[in-house]
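Bear in mind that the values in this text are calculations on the coordinates, not laboratory data. Since the structure is predicted, the reported quantities are computational estimates derived from the model, not experimental observations. Cβ atoms come from the backbone with ideal geometry, glycine included; neighbour counts cover every protein chain shown.
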Amino acid sequence: MSSQALDRLTDLYARGEPIVMLTAYDTPSARIVVAGGVDVILVGDSAAMTVLGYSSTREISIDELIMLTKAVRRGVTEIPVIGDLPFGSYEDSDEQAVRSARRFVDEAGCDAVKLEGGGVMVPRARAIIAAGIPVFGHVGLLPQSVRTREGYRARGRDPEQAFGIIADSDDLAAAGCSALIVEAVPAAVTEIITQRVKIPVIGIGAGADTGGQVLVYHDLLGFTQGRLARFVKQYSTAHESLAEAVREWSADVRAKRYPAVEHTYPITPEALAEVRQRLEN
Ligand code: KIV
């Protein structure tokens, strides 16, 4: 890794201590993530689905993601923030990739950017790194390439695919990537990648033989409704407990229990008397 902000991650990797990465998409979620002791924040394009209500990550624009990333950065000075290059913002040319990456650094204060895929994306990663911006690669399941629900299945379970993912990992590491996200890949394949590349492998659904783990904030905390990916472990039932709080407040309003005296602003009897008197005149 090259930038100072990423030095701590390099140290963790060198000591063999797992890097803990979590997504966040706004100031309060970023503050919760920092308070929870996480090492690095990814403002993932998963924001498309977790906070903007789109049906895939392909629909979020760079402007939308930069707005969210700026909100995260305002809440976080302590740890690195990684921006996620969204679908359509980097694939066409090295120039486009560098221009988009610069926006995440200059406008949103990111310490690095992430892009999805190997192959033709390797030169894109190399160009961004040459422009002085650290890059996190992403191999395995690539959500920006998924068009159907079935498309979210694991990758690299057949030899051909596994070989391709390993080759992409090698190429991205050789291109100078600072770290590699490996998503939804058999643990044994991740193990091979971890042994081959000399950069942190941060897994999501990729087993335990990694240099760290990343999850989506809304999955971890129980905001996500419906079927969850196999690799998600929920540590909270935020959706249910927050809905319960709203239900209680609604019931209090309807029963006229809220607001109580302690929730209202006082006025002195003298001031009130003066108001009444003026109204009468
Ligand atoms: O967008 C995202 O949240 C991601 C993680 C799943 C790694 O890319």
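Amide H contacts of L42 (H built 1.01 Å from N, in plane; Pro and chain starts excluded): L22, T23, A24, I82 sit under 5 Å, all sequence-distant by 5 or more or on other chains.
Between H239, H263, H138, the residue with the greatest mean-square fluctuation in the GNM of the chain (Cα pairs under 10 Å linked by springs) is H263. Calculated [222 nm] ellipticity per residue, helices only, for the chain: -13000 deg cm²/dmol; basis is -39500 (n - 2.57) per DSSP H run with n ≥ 4, divided by all residues, nearest 500. Taking all Cα pairs closer than 8 Å and separated by 6 or more residues, the relative contact order of the stretch 3-236 comes to 17 percent. Partners of K70 within straight-line reach, counting lysines whose Cα lies under 18 Å from its Cα and excluding those fewer than 8 residues away in the same chain: K114. The alpha carbons of the stretch 100-155 give a radius of gyration and a Dmax of 13.1, 38 Å, in that order. The residues neighbouring I193, those whose beta-carbon lies less than 15 Å from its own, together hold a net charge of -2 under the Lys/Arg +1, Asp/Glu -1 convention. Ordered by the count of other Cβ atoms within 10 Å of each Cβ, fewest first, Y258, Y152 give Y258, Y152. Between A97, A173, A14, the Gaussian network model of the chain with springs among Cα atoms under 10 angstrom shows the greatest mean-square fluctuation at A14. Restricting the trypsin sites (Lys or Arg not before Pro) of the stretch 132-224 to loop positions (DSSP other than H, G, I, E, B) with no more than 10 neighbouring Cβ atoms within 10 Å leaves R147, K198. Based on the reciprocal of the average 1/r between different C-alpha atoms, the Kirkwood radius for the stretch 3-236 equals 17.4 Å. If one computes the Cα centroid of the stretch 1-40 and of the stretch 124-149, what distance in Å separates the two points? Taking the Cα centre of each part, the stretch 1-40 and the stretch 124-149 sit 19 Å apart.
The angle between the Cα long axis of helix 121-130 and the longest principal axis of the Cα atoms of the chain comes to about 70 degrees, rounded to the nearest 10. Residues considered: M121, M67, M21. Largest GNM mean-square fluctuation over the chain, using C-alpha springs under 10 Å, is found at M67. Taking the C-alpha atoms only, the angle from helix 269-280 to the longest principal axis of the chain is near 70 degrees.
Here the scattering of the stretch 25-140 is modelled by Debye summation over its C-alpha atoms, one equal scatterer each and no solvent; at q = 0.23 Å⁻¹ the log10 of I(q)/I(0) is -1.31. Each principal axis of the stretch 149-281 carries a Cα extent, and these read 89, 32, 23 Å when sorted largest first.
Sorted largest first, the spans of the alpha carbon positions of the stretch 1-68 along the three principal axes are 40, 25, 18 Å. The base-10 log of I(q)/I(0) for the stretch 241-280, evaluated at q = 0.15, 0.24, 0.27, 0.30 Å⁻¹, reads -0.57, -0.79, -0.86, -0.93 [Debye formula, identical scatterers on Cα atoms, solvent excluded]. A cut-off of 5 Å between modelled amide H atoms, ignoring neighbours fewer than 5 places along the same chain, links I19 with G212, Q213.
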